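*Asks:* Dropping the structure in here first, questions after.
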Amino acid sequence: MLFPTITFAVFFLLVYVFNWALMPRLRLWKWFIIAASYVFYGFWDWRLVFLLVAATLVNQALGVQVYRALGGRSGGKAAARRWVVLAVAVNLITLGVFKYFDFFAANLNDVLGVFRLGAPLPLLHIILPVGISFLVFRMLTYAIDIYRGQLEPAPALDFAVYVAFFPYLLAGPIARAREFLPQLTSPRNPHTVDSSRAFVLILGGLVKKMLIADYLSTHIVNGLFASPQTYSSWETLWGIVAYSVQIYCDFSAYADIAIGISLLLGFELPANFDAPYTARTIQDFWRRWHITLSSWLRDYLYIPLGGNRKGTGRTYANLVVTFLLGGLWHGAGWTFVFWGLMHGTGLAVERARMDTRHRRGLPEPGRTPGARALQRLWVFVFVSVAWVFFRAESMSNAFAVLWRLIAGLGSIGAAVTFPVVGLCVLGIAIQYVPRRAIENMEAGFSRIGWVGQGLVLALALFLIDVLGPVGPAEFLYFKF
């Protein structure tokens, strides 16, 4: 069930009405929102509901065991550690079977084939459940945070809501258990809902998804990666830029809509984007891009590996390993591994350069407007080149696209149109809009009253429907 569809609009209208009608009877409301979330997830494939049920039962039981072990008189910490290791293993094995088994089996069989040893591992061809990577990462926070003493086991019904809550179920944000579960302890107050912010987020998300991301996808990006040899250098350059804009507008659109929908239901979700293409360093980019993932990788992988506490060499290695695994989290393919390696290496080199400057007593770079502009340009170029590997179907496809930057010199090409260039520029420019301007827009929207708000929403939705595609494409991060 896609957000920008009539089907979801009808679904959400019913959920919204029952949400607030049942909210005073909190236990009944929890059963309702679980059922609604199961309907939402089962819309893709009814069998997927069993995955949510299993994740709920298993992770709740393991979380309780971790907590009980910590309360033991002797050997509690060691016993709790064994339970949390089991929780991590169960979740990662689940992810591995669904997402990575065929990838590793195919590569192992290729290696064995070189030595004429046959292909011992069959390919399972299992259908990848939508949003399973997001689900697993949220499950992992539960047992780990209990083990760290940052959370107590929630009532089973509350945990079931956390597992299945439909706004973030398919593509995040990755709301941690300790962020979301406290909001379930008492009924939400409809009078405190920031509906103006919610509607601005939802409309902004629809515009980014349907008017920018989907247009760029169909008018230049898909064609470039399908047959790069037919595109000129200029078309390739703008196609790479277009994909950078597309993936930002597509993914941030989902996050904005999810946060807006949650707000209308009375719940706060963590922010997931903060103008990432204004970043001046790769580290700054990851503080702004997919914030809930980058902070998850930091807290649950980079810091447990040792972070920056075990010497400079270990710090650089930890950065590379963290982002290698982060790349693999995105997809079972060497292109994702290479994308993660690029970012991990880039972060390590950047960190080494900063360490060298500090040892020499040199000032921070970017002290002038021109220098800061060059920093932003460099980061955008680096990120955009890395996106080529993220988008490509194979390593050879990625290098074929990059090769066209120098091998396709000649005319501009028919794919470089004013709408394509204009939307690329717009997709980057909107990230430079000051936060104060957005807050003023939200405040102004709240002052026009519910009649004015209704008219504005109706007009905006009409224009999006007229100017947008006939049917919206799936969000890019659904496959992760």
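*Asks:* Mind checking which helices (runs of 4 or more DSSP H) fall wholly inside the stretch 309-403 and carry at least 2 residues that are within 22 Å of the chain's Cα centre (by Cα) and outside the structural domain of SER233 (by TED's automatic domain parsing)? Working first, answer last.
*Replies:* Numbers: elements: 312-330, 334-359, 369-391.
Because the criterion is at least 2 residues that are within 22 Å of the chain's Cα centre (by Cα) and outside the structural domain of SER233 (by TED's automatic domain parsing), the helices (runs of 4 or more DSSP H) in the stretch 309-403 that meet it are 312-330, 334-359.
*Asks:* Still on this structure: How many of the residues making up the stretch 136-180 are small (Gly, Ala, Ser) and part of a helix (DSSP H, G or I)?
*Replies:* We begin by selecting, within the stretch 136-180, every residue small (Gly, Ala, Ser); these are 143, 149, 154, 156, 160, 164, 171-172, 175, 177.
So of that shortlist, the ones also part of a helix (DSSP H, G or I) come out as 143, 156, 160, 164, 177.
Within the stretch 136-180, residues that are small (Gly, Ala, Ser) and part of a helix (DSSP H, G or I) number 5.
*Asks:* Here is a follow-up. Any residue at all in the stretch 249-272 that is surrounded by fewer than 18 Cβ atoms within 10 Å (Cβ to Cβ), within 16 Å of the chain's Cα centre (by Cα), modelled with pLDDT of 90 or more and assigned by TED's automatic domain parsing to the domain that holds ILE202? Reasoning before the result, please.
*Replies:* Filtering the stretch 249-272 down to residues surrounded by fewer than 18 Cβ atoms within 10 Å (Cβ to Cβ) leaves 266, 268, 270-271.
Pick out the ones that are also within 16 Å of the chain's Cα centre (by Cα) and you get 270-271.
Going one step further and asking which of them are modelled with pLDDT of 90 or more, we end up with 270-271.
Going one step further and asking which of them are assigned by TED's automatic domain parsing to the domain that holds ILE202, we end up with 270-271.
Yes; the residues of the stretch 249-272 include at least one that is surrounded by fewer than 18 Cβ atoms within 10 Å (Cβ to Cβ), within 16 Å of the chain's Cα centre (by Cα), modelled with pLDDT of 90 or more and assigned by TED's automatic domain parsing to the domain that holds ILE202.
*Asks:* Here's another thing I want to ask about it. What do you reckon, is SER252 touching a residue at least 40 places away in the same chain (Cβ under 8 Å), outside any loop (DSSP other than H, G, I, E, B) and within 29 Å of VAL416 (Cα to Cα)?
*Replies:* Details: touching a residue at least 40 places away in the same chain (Cβ under 8 Å): yes; outside any loop (DSSP other than H, G, I, E, B): yes; within 29 Å of VAL416 (Cα to Cα): yes.
Yes.
*Asks:* In the stretch 224-244, how many residues are in a helix (DSSP H, G or I) and within 18 Å of LEU409 (Cα to Cα)?
*Replies:* Filtering the stretch 224-244 for residues in a helix (DSSP H, G or I) gives 224-226, 228-230, 233-244.
The next check asks that each one be within 18 Å of LEU409 (Cα to Cα); those that pass are 224-225, 228-230, 233-241.
The qualifying residues number 14.
*Asks:* Six or more apart or on different chains, Cβ atoms under 8 Å: show the pairs whose first residue is in the stretch 435-461 and assigned by TED's automatic domain parsing to the domain that holds ALA271 and farther than 16 Å from VAL193 by Cβ and whose second is at pLDDT below 80 and part of a helix (DSSP H, G or I).
*Replies:* Partner pairs satisfying both residue conditions: ILE448/VAL456; VAL456/PHE445.
*Asks:* Search the stretch 37-64 for residues being of a type in the set (A, V, I, L, M, F, W, C) and within 20 Å of LEU13 (Cα to Cα), and hand back the single one that is surrounded by the most Cβ atoms within 10 Å (Cβ to Cβ).
*Replies:* First, the residues of the stretch 37-64 that are of a type in the set (A, V, I, L, M, F, W, C): 39-40, 43-44, 46, 48-55, 57-58, 61-62, 64.
Filter once more, so that each one left must be within 20 Å of LEU13 (Cα to Cα): 39-40, 43-44.
Values: VAL39: 16, PHE40: 21, PHE43: 16, TRP44: 16.
In this case the residue turns out to be PHE40.
*Asks:* Here is a further query. Keeping to the stretch 169-202, report how many residues are in contact with an Asp or Glu (Cβ under 6 Å, 6 or more places away or on another chain) and either under 30 Å from VAL451 (Cβ atoms) or β-branched (Val, Ile, Thr) (or both).
*Replies:* Counting residues in the stretch 169-202 that are in contact with an Asp or Glu (Cβ under 6 Å, 6 or more places away or on another chain) and either under 30 Å from VAL451 (Cβ atoms) or β-branched (Val, Ile, Thr) (or both) gives 4.
*Asks:* Within the stretch 94-102, is there a residue that is modelled with pLDDT of 85 or more and farther than 22 Å from PHE165 by Cα?
*Replies:* No - not one qualifying residue is present in the stretch 94-102.
*Asks:* Would you mind telling me which numbered condition in (1) more than 16 Å from SER262 (Cα to Cα); (2) surrounded by 12 or more Cβ atoms within 10 Å (Cβ to Cβ); (3) under 28 Å from the mean Cα position of the chain (by Cα); (4) not aromatic (Phe, Trp, Tyr) ILE34 fails?
*Replies:* So ILE34 meets the others, but not (1).
*Asks:* Would you pick out the residues in the stretch 54-80 that are in contact with a helix residue (DSSP H, G or I) (Cβ under 8 Å, 6 or more places away or on another chain) and modelled with pLDDT of 90 or more?
*Replies:* If we filter the stretch 54-80 for residues that are in contact with a helix residue (DSSP H, G or I) (Cβ under 8 Å, 6 or more places away or on another chain), which is where we start, we get 55-56, 58-60, 62-63, 65-67, 69-70, 72, 76-77, 79-80.
Hits for the stretch 54-80 are ALA55, THR56, VAL58, ASN59, GLN60, LEU62, GLY63, GLN65, VAL66, TYR67.
*Asks:* Moving on to the next point. Would you confirm, using the coordinates I've provided, whether VAL200 is at pLDDT below 90, assigned to a helix (DSSP H, G or I) and either crowded, with 16+ Cβ neighbours inside 10 Å or touching a Gly at 6+ places or on another chain (Cβ under 6 Å) (or both)? Let's see the steps before the verdict.
*Replies:* On the way: at pLDDT below 90: yes; assigned to a helix (DSSP H, G or I): yes; either crowded, with 16+ Cβ neighbours inside 10 Å or touching a Gly at 6+ places or on another chain (Cβ under 6 Å) (or both): yes.
When the stated conditions are applied, VAL200 passes them.
Results for (1) on the phi < 0 side of the Ramachandran plot; (2) basic (Lys, Arg); (3) in contact with a Gly (Cβ under 9 Å, 6 or more places away or on another chain), shown as yes or no for each residue.
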| residue | (1), (2), (3) |
| --- | --- |
| TYR248 | yes, no, yes |
| ALA253 | yes, no, yes |
| GLY260 | yes, no, yes |
| PHE273 | yes, no, no |
| ARG280 | yes, yes, yes |
| ARG288 | yes, yes, no |
| ILE303 | yes, no, no |
| GLY307 | no, no, no |
| THR312 | yes, no, no |
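*Asks:* From the set of residues in the stretch 273-282 that are of a type outside the set (Val, Ile, Thr) and surrounded by fewer than 18 Cβ atoms within 10 Å (Cβ to Cβ), which is farthest from the chain's Cα centre (by Cα)?
*Replies:* Taking the stretch 273-282 and keeping what is of a type outside the set (Val, Ile, Thr), we get 273-277, 279-280.
Checking which are surrounded by fewer than 18 Cβ atoms within 10 Å (Cβ to Cβ) leaves us with 274-275.
Values: ASP274: 13, ALA275: 14 Å.
Taking the candidates together, the pick is ALA275.
*Asks:* If you don't mind, there's one more thing I want to ask. Kindly indicate whether any position in the stretch 395-406 is under 21 Å from ASP214 (Cα atoms) and loosely packed, with under 11 Cβ neighbours inside 10 Å.
*Replies:* Within the stretch 395-406 (the criterion being under 21 Å from ASP214 (Cα atoms) and loosely packed, with under 11 Cβ neighbours inside 10 Å), the answer is no, since none of the residues qualifies.
*Asks:* Taking the stated definitions as given, is GLY408 modelled with pLDDT under 90, closer than 21 Å to GLY223 by Cα and in contact with a helix residue (DSSP H, G or I) (Cβ under 6 Å, 6 or more places away or on another chain)?
*Replies:* Values: modelled with pLDDT under 90: yes; closer than 21 Å to GLY223 by Cα: yes; in contact with a helix residue (DSSP H, G or I) (Cβ under 6 Å, 6 or more places away or on another chain): yes.
Spelling it out, GLY408 is indeed modelled with pLDDT under 90, closer than 21 Å to GLY223 by Cα and in contact with a helix residue (DSSP H, G or I) (Cβ under 6 Å, 6 or more places away or on another chain).
*Asks:* Here are some residues: LEU57, LEU13. Which one is of a type in the set (A, V, I, L, M, F, W, C) and under 20 Å from LEU181 (Cβ atoms)? I'd like the intermediate steps shown before the answer.
*Replies:* On the way: LEU13 fails: under 20 Å from LEU181 (Cβ atoms).
Criteria check complete, one pass: LEU57.
*Asks:* Output the qualifying pairs, or none if there are none: Cβ atoms under 6 angstrom, residues six or more apart or on different chains, first residue in the stretch 289-304 and farther than 27 Å from ILE428 by Cα, second residue in a helix (DSSP H, G or I).
*Replies:* LEU301/THR322; TYR302/ASN318; TYR302/THR322
*Asks:* Select from the stretch 363-373 the residues that are in contact with a helix residue (DSSP H, G or I) (Cβ under 8 Å, 6 or more places away or on another chain) and either surrounded by 13 or more Cβ atoms within 10 Å (Cβ to Cβ) or aliphatic (A, V, I, L, M) (or both) and list them in ascending order.
*Replies:* PRO365, GLY366
*Asks:* Report yes if ARG27 is over 29 Å from GLY327 (Cβ atoms) and not small (Gly, Ala, Ser), otherwise no.
*Replies:* On the way: over 29 Å from GLY327 (Cβ atoms): yes; not small (Gly, Ala, Ser): yes.
The answer is yes for ARG27.
*Asks:* Do any helices (runs of 4 or more DSSP H) entirely within the stretch 1-89 hold 3 or more residues that are free of Cβ contacts under 8 Å to residues at least 60 places away in the same chain, over 30 Å from ALA460 (Cα atoms) and not hydroxyl-bearing (Ser, Thr, Tyr), and if so, which?
*Replies:* Working: elements: 6-22, 26-42, 48-70.
In the stretch 1-89, 26-42, 48-70 are the helices (runs of 4 or more DSSP H) which contain 3 or more residues that are free of Cβ contacts under 8 Å to residues at least 60 places away in the same chain, over 30 Å from ALA460 (Cα atoms) and not hydroxyl-bearing (Ser, Thr, Tyr).
The values are calculated or read from the model by the stated rules, or taken from the named source; none is laboratory data. Please read these numbers as outputs of a predicted model, since none were measured by experiment. We place every Cβ from the backbone using ideal geometry, glycine too, and count neighbours over all the protein chains shown.
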